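Below: the structure, in structure tokens.
The values are calculated or read from the model by the stated rules, or taken from the named source; none is laboratory data. All values reported here derive from a predicted model rather than from experimental measurement. Virtual Cβ from ideal backbone geometry, glycine too; neighbours counted across all protein chains shown. All accessible areas refer to the heavy atoms of the entire protein, side chains included, with ligands and DNA or RNA removed. Shrake-Rupley method; radii C 1.70, N 1.55, O 1.52, S 1.80 Å.
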Amino acid sequence: MTIANARNKLNDAMESQRLQITAAEHDVEQAQTSFRAWATTRQVTQSAGNDPEVAKRVRQIDALIAHQREVQRAAEELTQQDLRLSALEKEDQERLGKLQDDANSRYDVALREQALRVFGWRLAVTLPLLLIAGWLLIRRRHSAYWPFVYGFGVFAAFTFFVELVPYLPGYGGYVRYGVGIVGTLIGGQYLIRALTRYREQQRIAEAQSEDQRRASLSYDMVMARLAKNVCPGCERALPADSLNENFCQHCGMCLFNKCGPCNSRKNAFVRFCQSCGSPAALGSFQPDAPAAGRSSA
């Protein structure tokens, strides 16, 4: 039998005992009241102690008082038992609390070890993917397999942020902050270097002759840049009202010229005239304006 069950039974017994005490107190009070009323009506004298009726009533009251005391002693004994059981229960609760604290600490250690194991396995899978993706992006992004290179890079990044980052150990968030700081430094340094290289390439390209610059541009790249209303040579924005201008106002590259057979104005980079369909020689220019006008531009 557990202490809790024993205390429940003891509480039931105490409640029953309290009811008996209340009943005994009522009996004593009623007997005393009845005796006082009877003694008043009989006008008890000094010789009333020899009256058998008085002695009988006094014995009845004494018996009730004795029963009341017995019931009270039984209730006190039950109270003492309840106090002892309460002390035992408190000791059990303290031991249980210590066991729970020890179990919780062991559980936290096991959970942390399991999280580290899961993190280690996920890192073993995702880290090689990231290294391979980085190598491909650095070495093979301009190769014929560039769609695969960029697709694999997106896959590796997705795997890292979905499969690894959510399982990073907490450590107060320092790991996540560290990954963010390192990623920001590496990404920022790469972007700064890329921008610096791009600006240097643009400076070198603008120092070249127009024939050299045009030879370095692919047809699809030129069409894409013109569709964005930027100069194919320097990639600077063209004025919105430059529909009749033939040269870039930033680098001087010829953008529009005239078709030799039909003399219509056409894009200087197209391979065939859109008006007559004649082949266009990309290396020979027939601009609308004279050479002096071009140099002034």
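Out of R112, R140, R106, R117, which single residue is in contact with a Pro (Cβ under 8 Å, 6 or more places away or on another chain), basic (K, R) and either surrounded by 11 or more Cβ atoms within 10 Å (Cβ to Cβ) or over 30 Å from K9 (Cβ atoms) (or both)?
Details: R140 fails: in contact with a Pro (Cβ under 8 Å, 6 or more places away or on another chain); R106 fails: in contact with a Pro (Cβ under 8 Å, 6 or more places away or on another chain); R117 fails: in contact with a Pro (Cβ under 8 Å, 6 or more places away or on another chain).
Going through R112, R140, R106, R117 in turn, just one is in contact with a Pro (Cβ under 8 Å, 6 or more places away or on another chain), basic (K, R) and either surrounded by 11 or more Cβ atoms within 10 Å (Cβ to Cβ) or over 30 Å from K9 (Cβ atoms) (or both): R112.
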Look through the range 46-78, keep the residues that are under 60 Å from the mean Cα position of the chain (by Cα) and open to solvent by 60 Å² or more (accessible area, probe 1.4 Å), and return whichever of them is modelled with the lowest pLDDT.
-> E76
Log entry, pairs with first residue in the range 169-187 being over 23 Å from W121 (Cβ atoms) and open to solvent by less than 80 Å² (accessible area, probe 1.4 Å), second being part of a helix (DSSP H, G or I) and modelled with pLDDT under 65, beta carbons closer than 9 Å, six or more apart or on different chains, reads none
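Of everything in the range 220-239 that's open to solvent by 80 Å² or more (accessible area, probe 1.4 Å) and not small (G, A, S), which residue is farthest from the chain's Cα centre (by Cα)? Give the steps one after another, and end with the answer.
Narrowing the range 220-239 to residues open to solvent by 80 Å² or more (accessible area, probe 1.4 Å): 220, 227-228, 236.
From the residues that got through so far, the ones that are not small (G, A, S) too are 220, 228, 236.
Numbers: D220: 44, K228: 40, R236: 43 Å.
Here the answer is D220.
Report whether or not Q208 is open to solvent by less than 100 Å² (accessible area, probe 1.4 Å), closer than 16 Å to C251 by Cα, at pLDDT below 80 and touching an Asp or Glu at 6+ places or on another chain (Cβ under 8 Å).
Details: open to solvent by less than 100 Å² (accessible area, probe 1.4 Å): yes; closer than 16 Å to C251 by Cα: yes; at pLDDT below 80: yes; touching an Asp or Glu at 6+ places or on another chain (Cβ under 8 Å): no.
Judged against the criteria, Q208 is not a match.
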If you check L116 against the conditions, is it under 21 Å from L164 (Cβ atoms), more than 30 Å from the chain's Cα centre (by Cα) and in a helix (DSSP H, G or I)?
-> no
What residue, of M253, M223, is out of contact with any helix residue (DSSP H, G or I) (no Cβ under 9 Å at 6 or more places or on another chain) and modelled with pLDDT of 75 or more?
-> M223
With the first residue restricted to the range 195-212 and required to be under 17 Å from P232 (Cβ atoms), and the second required to be at pLDDT below 75 and not in a helix (DSSP H, G or I), Cβ contacts under 9 Å at 6 or more apart or on different chains are E210/F285; D211/G283
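Please work out which residue is modelled with the lowest pLDDT, limiting yourself to the range 153-172 and to residues that are part of a loop (DSSP other than H, G, I, E, B) and of a type outside the set (A, V, I, L, M). If you could, list the steps in order and put the result at the bottom.
Going residue by residue through the range 153-172, those that are part of a loop (DSSP other than H, G, I, E, B) are 168-170.
Right, trim to of a type outside the set (A, V, I, L, M) and you get 169-170.
Details: P169: 62, G170: 59.
Only one residue fits best here, namely G170.
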